[in-house]
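These notes concern the structure reproduced below.
The values are calculated or read from the model by the stated rules, or taken from the named source; none is laboratory data. Small disclaimer: the values here were computed from a predicted structure and weren't measured. Note that each Cβ is placed from the backbone with ideal geometry, even for glycine, and that neighbours are counted across all protein chains shown. All accessible areas refer to the heavy atoms of the entire protein, side chains included, with ligands and DNA or RNA removed. Shrake-Rupley method; radii C 1.70, N 1.55, O 1.52, S 1.80 Å.
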Amino acid sequence: MPKPLSLPFDPIARADELWQQRWGPVPSMGAITSIMRAHQILLAEVDAVVKPYGLTFARYEALVLLTFSKAGELPMSKIGERLMVHPTSVTNTVDRLVRSGLVDKRPNPNDGRGTLASITDKGREVVENATRDLMEMDFGLGVYDSEECGEIFALLRPLRVSARDFEDE
């Protein structure tokens, strides 16, 4: 699909100007609109890189999480907790990975009702290749240098703390 032509103006800046005329200055409106647009851009670019591996970025994140675990497996509940997604989303994600042969599921011997998801050898190979490709394109953030990426991370941290994503030290 060809990229749409660029607009001759910044539509978010224009919306901000119109917003100010109608309701007064609200810098958070321009900021959130920019963040949401950046999310769309980055997700499209990253998904395009992992798609040849039969992945979405959400499935890629689950594979990476399993790769980071000591035994290559985690309870489904722990996956949801770490990825900060609803249990139904975890089930759908893991089930897709199972159908692709990248993950196996089995009853959790430490929890009679729980299920363990474990990465397969094929899953390890796919996550290594996809990671190499994502790193080559700087996860879509190649327009920023290392310092700027650190600044973005630091700028968004208070929002994540406020949302109670984690306990701030």
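Quick notes on this structure:
- Residues that are within 28 Å of ASP138 (Cβ to Cβ), buried (at least 16 other Cβ atoms within 10 Å of the Cβ) and not charged (D, E, K, R) do not occur anywhere in region 13-26.
- Taken together, ASP121, ASP133, ASP95 contain a single residue that is farther than 19 Å from PHE57 by Cα and either touching a helix residue (DSSP H, G or I) at 6+ places or on another chain (Cβ under 7 Å) or modelled with pLDDT of 95 or more (or both), which is ASP121.
Yes/no per residue for (1) modelled with pLDDT of 95 or more; (2) farther than 30 Å from PRO11 by Cβ; (3) among the aliphatic types (A, V, I, L, M):
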{"residue": "ILE35", "(1), (2), (3)": "yes, no, yes"}
{"residue": "LEU42", "(1), (2), (3)": "yes, no, yes"}
{"residue": "ALA62", "(1), (2), (3)": "yes, yes, yes"}
{"residue": "LEU65", "(1), (2), (3)": "yes, yes, yes"}
{"residue": "LYS70", "(1), (2), (3)": "no, yes, no"}
{"residue": "ARG82", "(1), (2), (3)": "no, yes, no"}
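- Boolean, TYR60 is open to solvent by less than 50 Å² (accessible area, probe 1.4 Å) and under 17 Å from the mean Cα position of the chain (by Cα): yes
- Cβ pairs under 7 Å, 6+ apart, first in region 11-40 and of a type in the set (Val, Ile, Thr), second in a helix (DSSP H, G or I) and open to solvent by 70 Å² or more (accessible area, probe 1.4 Å): ILE12/ARG37; VAL26/TRP19
- Looking only at region 27-40, residues that are open to solvent by 100 Å² or more (accessible area, probe 1.4 Å) and in contact with a helix residue (DSSP H, G or I) (Cβ under 9 Å, 6 or more places away or on another chain) come to 2 in all.
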